Amino acid sequence: MSKQTTSHDNDAMRQKYYAMIENPDMLDYGVYLKCDKLLSCQKPLAELSTSDELQFQIVHQVEELWMKLMTFTLVEIIEYMRKRQSHRVITLFSRVHRIQRMMIDQLGVLETMSPKEYQQIRLQLGNGSGQESPGFRMLLKLPNDLWQAFEESYLENGAISIDSIYDEQYTHDEKYAIAEALIEYDELFQLFRWRHLFLIHRSIGLGSDSLKGRPVDLLQQGARKRFFPQLWDIRCTMTDRWGSEYGKVRPSISGKS
Ligand code: HEM
């Protein structure tokens, strides 16, 4: 006959696994990756305000790690742009874009947390705000240097225009490929901000105030920002040019509209 599990059994099981989590076996793999330090960067398990707090800390920490790698890689990209090593620039941008997509996706993990339980975690945060994120603040500084390197090396300090790359002299060359990598970075950055707005919408609501006392809604202004407006504007210029040549409203091809 099977024995009924008691709360004592559960406590014993929990203690056994918590001890394993908090005192990892340190073989060569763990030593190289500093797993002891890494795994002690979260609150001790016995002190969590709710079981959701561990995922809240881990998702934020993982995102900080990705932003560290992104910043490091973007600095490399700037250097390679200055040396005009375009294949390297494209490969490294591809790495950054993949990280950005993962970061967007990973925000969804926090949507498994109920709004009620999040209120308990919120009590732990002092008046901390995501706007103080060291990774995010570094990333906000980089676009100026990225654009400057692109201007110097690929626009040859103003001798080549965006118009010529995209329209007048369009050949789908390296300048075009790198401009597209820049706009993809810009787009994914803003998609992160929009995705994060939906996360807020689900957890505390958009009509509330942040822990700094600011209306959360203000974040929408940041999400509308574009780092490289010239790369966005060229598309309107080309469409308007096309419209003035072929007519803004074209004859229907179905004959019904
Ligand atoms: C339930 C989860 C989350 C909630 C409720 C939340 C809430 C907020 C709020 C209210 C703000 C505005 C702060 C202010 O006005 O000072 C903010 C900003 C921010 N949060 Fe979160 N956040 C969450 C998860 C995350 C995660 C996982 C990250 C990962 C990096 C993150 C990164 C940021 C960043 C970078 C900002 C500044 C955004 C900007 O200026 O556009 N947040 N968050």
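The values are calculated or read from the model by the stated rules, or taken from the named source; none is laboratory data. What you are looking at is a predicted structure, and each value in this text was computed from that prediction instead of being measured. Cβ: placed from backbone, ideal geometry, glycine included. Neighbour counts: every protein chain shown. Ligands, DNA and RNA are stripped out before the accessible areas are found, and what is left, the full protein with its side chains, is counted by its heavy atoms. Shrake-Rupley method; radii C 1.70, N 1.55, O 1.52, S 1.80 Å.
The one condition from (1) surrounded by 14 or more Cβ atoms within 10 Å (Cβ to Cβ); (2) touching a residue at least 40 places away in the same chain (Cβ under 8 Å); (3) assigned to a helix (DSSP H, G or I) that Gln124 does not meet is (3). Restricting attention to segment 202-230 and to residues that are open to solvent by 70 Å² or more (accessible area, probe 1.4 Å), in a helix (DSSP H, G or I) and near the ligand (Cβ under 10 Å from one of its atoms), the residue that is farthest from Gly126 (Cα to Cα) turns out to be Gln221.
Reported count of residues in segment 186-201, each being closer than 18 Å to Tyr118 by Cβ and surrounded by 15 or more Cβ atoms within 10 Å (Cβ to Cβ), is 5. Selection over segment 181-205 of residues that are touching a residue at least 24 places away in the same chain (Cβ under 8 Å) and of a type in the set (Asp, Glu) gives a count of 2. When Glu245 is tested against the conditions (1) open to solvent by 80 Å² or more (accessible area, probe 1.4 Å); (2) away from the ligand (no atom under 16 Å from the Cβ); (3) not in a helix (DSSP H, G or I), the lone failure is (3).
Ile165 - would you say it is assigned by TED's automatic domain parsing to the domain that holds Lys116 and of a type in the set (A, V, I, L, M, F, W, C)? Yes.
Just name the residue that is nearest to the ligand (Cβ to nearest atom) out of those in segment 103-121 that are under 10 Å from the mean Cα position of the chain (by Cα), surrounded by 13 or more Cβ atoms within 10 Å (Cβ to Cβ) and not polar (S, T, N, Q). Give the steps one after another, and end with the answer.
Of segment 103-121, the ones under 10 Å from the mean Cα position of the chain (by Cα) are 103-107.
Right, trim to surrounded by 13 or more Cβ atoms within 10 Å (Cβ to Cβ) and you get 103-104, 106-107.
Those still in the list that are not polar (S, T, N, Q) too: 103-104, 107.
Details: Met103: 7, Ile104: 10, Leu107: 6 Å.
Ranking the qualifying residues of segment 103-121, first place goes to Leu107.
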